[in-house]
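**Q** Following this message is one structure expressed as structure tokens.
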Amino acid sequence: MDPMTRRHARSAGTTLLARRNALRTEGTLLILALLLCAAGHSAPESYSVHFEGDASRDMIWELRDLSDSVKLRDREPPSDNLLQRRAERDVGLFTDHLHAFGYFDARVSSAVTGEEGARAVLFSLVTGPQYTVSEVVCRVEGDSGSVRQEEPGPEVSKALAPGKPALSRAILDAEQQFHRHYLEAGHPFCELLPRDVVVDHANRTVSVTYTVRPGPQAVFGPTVIEGLADVSEETVRRMLPWREGDLCRRSVLEKARKRLQESGLFALIEITPEPGTDGPATAAMRLTLAERKHRSVGFGLDYRSDDGPGARAFWEHRNLSGLGRRLRVSGELSELEPGVEVAYDNPFFLRDDQSLSLAFKGSLLDPDPYESRSLSLSATVERRITDALRASGGLKLRFASVEQRRREEDFLLLSSPWRLSLDKRDDRLDPASGFMVTALEEPFVDVGDADVFFTRQEIGGSWYKALDAENNWVFAVRARLGSLTGDVLEDIPADTRFYAGGGGSVRGYGFEKIGPEEGGEVTGGRSLAEGSVEIRKRLTERLGLAAFLDGGAAFRSTFPDFSEDIRWGAGMGLRYYTPIGPVRLDVATPLNPRSGTDDPVQVYVSVGQAF
């Protein structure tokens, strides 16, 4: 048997929605070409880089991302020796990266060929077999120095178990799960001791030993808050989910951090448990905060083929009276949807887990099926039942003047929207796992005509599943159902009926261009059914692709009638990942277009995934 080597494993490493309809193919292709050129533009290359060997295509993509030889192709060294040194640095990086994926017998070499101006760098890769995990040992060291061994918990085994590939990331993830187990069990001073990773080259296996020193269980003690300037201390304390005497669990600390982040008041948040004056069984909490600027101004310009150029602006104050209350004034200038909105939010309305939102909105909505000019006032109370489950209800008064098929009607609608949402997504702008379900019930009555009474009901959901450990492949599904009950369809305002089509509905069709028709014009329906399936692939740290299939329709019947035609659209998308979420460019085509109605291509641009 070859001698075993011992080493530590290394680690591997304001939504803008463009609704586009009536778009000519030539213009679409020109816009797509310009955007792709902007995303992928680079300086002319002075030498080429090639890879050969048995590494997978995905692995080669990752190595190219690491490679200085690839990144610096526009800066060719003056001699072969300097270029070879650059390639040799990459050889070391590549070897470490392959080790991090369990290829401990990997061999990497490089060669420089050609003359100045036509040089080439060739990397030869022989990965060898991928090592697997032979054993995972979890040890617990007591305060007296005694050591006991325990069985790996389910979270540790899920991350790393015998027989699985010996990935550095999995080894580190399992260690964090072991540590979190004790932090969640109320041991806030738990220490991770150095891990022991043994690589057995003879058997091509890896054994891993983790050791923690848990320390005593502790309860929450007094809380000290530092760094406040304009935000009142009472406002911060109302966001904290613990009380003195509660068991000090990691999940409670994370909940506090999330609430403080969502307030938008702080640029820096540090939550540190410290041994209390009563001993280590009490955790005194120290919050160190740095406030953000509480006023913001923003501007934006965009261009959409259906309504030309547009402009948006907002002003926001996030800390009225030092109590974390928010006032936001926003406006949009465009042909399709100009408007202005003023919104006020009180995050602690009567209770610490309840908020009040007041809003005034004036808008003009002008899609193909109708034209609507409206003014609305609304008041909504939202209760946070858990961090994932929220319920809200309120009142809304809306005056609307709606024109459809050369007939104009005025409505003064009083409604009461009630919403229940369960959000278990891991990320709101770019989810890779989890799900979200939302249900809405909103009865309407026309104050000027009590005979006009109807109820809008909707239920929708989305589900996400990462197909690999690195979340590079993500499968996503979305569905939505809607129904209007009560009055006959003709008495329901056209801008309140259901329509399908557009970037947030069935891509490949114009905005709100799918629905029941009269005289060749879409008039809207009493019910809706739509859904999407999307596969997302992250190519590099910044770039990704998506392929999708959407389908949906609006119906005259109270409930969806699936015997009628469903409109289908499919397409591809480009994703450019940023700190605030991916910028997406989707290009879609209708699969069963209506002659003379649907254009062959639609383009959608926004921040965040389609759903």
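**Q** Applying the Karplus parametrisation 6.51 cos²θ - 1.76 cosθ + 1.60 with θ = phi - 60° to the phi angles of the range 513-519, what ³J(HN,Hα) value in whole Hz is obtained for each residue in order, glycine and proline being reported as x?
**A** 9, 10, x, x, 10, 9, x
**Q** Quick one: Debye curve from the alpha-carbon atoms of the range 132-213 only, equal weights, vacuum; give me log10 I(q)/I(0) at q = 0.11, 0.17, 0.18, 0.22 Å⁻¹ to two decimals.
**A** -0.28, -0.64, -0.71, -1.00
**Q** Rounded, prolate or oblate: which fits the range 430-525 when a ≥ b ≥ c are the square roots of the eigenvalues of the alpha-carbon gyration tensor, with rounded for a/c under 1.5 and prolate only if a/b beats b/c? Can you show the working numbers first?
**A** Numbers: a/c = 4.38, a/b = 1.93, b/c = 2.27.
Oblate, because a/c is 1.5 or more while a/b does not exceed b/c.
**Q** Relative to the compact globular guide of 2.2 N^0.38 Å, what is the alpha carbon radius of gyration of the range 480-600, as a ratio? Intermediate results must be reported in sequence, preceding the final value.
**A** On the way: Rg = 16.3 Å, N = 121, 2.2 N^0.38 = 13.6 Å.
Normalised Cα radius of gyration, the range 480-600: 1.20.
**Q** Further question on the same structure: Starting at 0 and stepping by 5 Å, how many percent of the alpha carbon pairs of the range 349-607 end up in each bin?
**A** Answer for the range 349-607: a P(r) of 1, 6, 11, 14, 16, 16, 15, 12, 6, 2, 1, 0 percent.
**Q** DSSP beta bridges in the range 132-213, what fraction antiparallel, as a percent rounded to 5? If you can, show how the numbers build up before the last one.
**A** Numbers: 13 of 21 bridges.
Of the beta bridges lying entirely in the range 132-213, close to 60 percent run antiparallel.
**Q** How would you classify the range 159-300 from its alpha-carbon gyration tensor, with a ≥ b ≥ c the square roots of the eigenvalues: rounded for a/c under 1.5, else prolate if a/b is greater than b/c, otherwise oblate?
**A** Numbers: a/c = 3.43, a/b = 1.66, b/c = 2.07.
Oblate shape, in that a/c is at least 1.5 and b/c is the bigger or equal ratio.
**Q** Further question: Of K255/K361; K164/K258; K258/K293; K255/K293; K465/K513; K396/K513, which pairs sit farther than 29 Å apart, going by alpha carbon to alpha carbon? Write down the numbers at each step before the final one.
**A** Values: K255/K361 33 Å; K164/K258 34 Å; K258/K293 19 Å; K255/K293 23 Å; K465/K513 31 Å; K396/K513 27 Å.
Going by Cα-Cα distance, K255/K361; K164/K258; K465/K513 fall outside the 29 Å limit.
**Q** What list of ³J(HN,Hα) values in whole Hz, one per residue of the range 528-535 in order, does the Karplus curve 6.51 cos²θ - 1.76 cosθ + 1.60 (θ = phi - 60°) give from phi, with Gly and Pro shown as x?
**A** Values per residue, Gly and Pro as x: 8, 9, 8, x, 8, 10, 9, 10 Hz.
**Q** Taking only Cα atoms of the range 219-291, what ratio of Rg to Rh do you get with Rh as the Kirkwood inverse-distance radius?
**A** Numbers: Rg = 11.9 Å, Rh = 12.4 Å.
Over the Cα atoms of the range 219-291, Rg/Rh equals 0.96.
**Q** Can you give the log10 of the normalised intensity I(q)/I(0) at q = 0.12, 0.14, 0.20, 0.22 Å⁻¹, computed with Debye over equal Cα scatterers of the range 314-445?
**A** Listed by q, the Debye log ratios stand at -0.64, -0.85, -1.27, -1.29.
**Q** Starting with the fewest neighbours, write out S56, S46 ranked by other beta-carbon atoms found within 10 Å of each beta-carbon. The partial results should precede the final answer.
**A** Values: S56 11, S46 15.
With the fewest neighbours first, S56, S46 line up as S56, S46.
**Q** Quick one: order V603, V506, V583 by neighbouring beta-carbon count within 10 Å, fewest to most. Don't skip to the end; give the middle numbers.
**A** Values: V603 23, V506 27, V583 17.
The order, fewest Cβ neighbours first, is V583, V603, V506.
**Q** Another question, if that's okay. In whole Å, largest first, what are the principal axis extents of the Cα atoms in the chain?
**A** 88, 73, 47
**Q** Could you grab the relative contact order for the range 132-213? Cα pairs under 8 Å, six or more apart, rounded to a whole percent.
**A** Relative contact order here is 39 percent.
**Q** Still on this structure, please answer the following. Hey, fewest Cβ within 10 Å first, where do M572, M239 land in order? Please report the intermediate quantities before stating the final value.
**A** Working: M572 13, M239 20.
Going from sparsest to densest Cβ surroundings: M572, M239.
**Q** Now a separate question. Residue by residue, what Karplus-based ³J(HN,Hα) values in Hz, rounded to whole numbers, does the range 501-509 have, using 6.51, -1.76 and 1.60 with θ = phi - 60° and x for Gly and Pro?
**A** x, x, x, x, 9, 10, 5, x, 10
**Q** What number comes out for the charge environment of L66, summing +1 per Lys or Arg and -1 per Asp or Glu over other residues with Cβ under 12 Å away?
**A** Numbers: positive: R64, K71, R89; negative: E62, D65, D68, D90, D96, E541.
Summing Lys and Arg as +1 and Asp and Glu as -1 gives -3.
**Q** Near the amide H of F349, under 5 Å away, which other amide H atoms are found, from residues 5 or more places off or on another chain, if H is placed in the peptide plane?
**A** Q354, S355, L356
**Q** If you don't mind, another one. List every residue whose amide H lies under 5 Å from the amide H of L467, counting only residues 5 or more places away in sequence or on a different chain, with H placed 1.01 Å from N in the peptide plane.
**A** W473, V474, F475
Quick note: the coordinates plus some simple rules give every number you see, no bench work behind them. Because the structure is predicted, anything quoted here is derived from the model rather than measured. We place every Cβ from the backbone using ideal geometry, glycine too, and count neighbours over all the protein chains shown.
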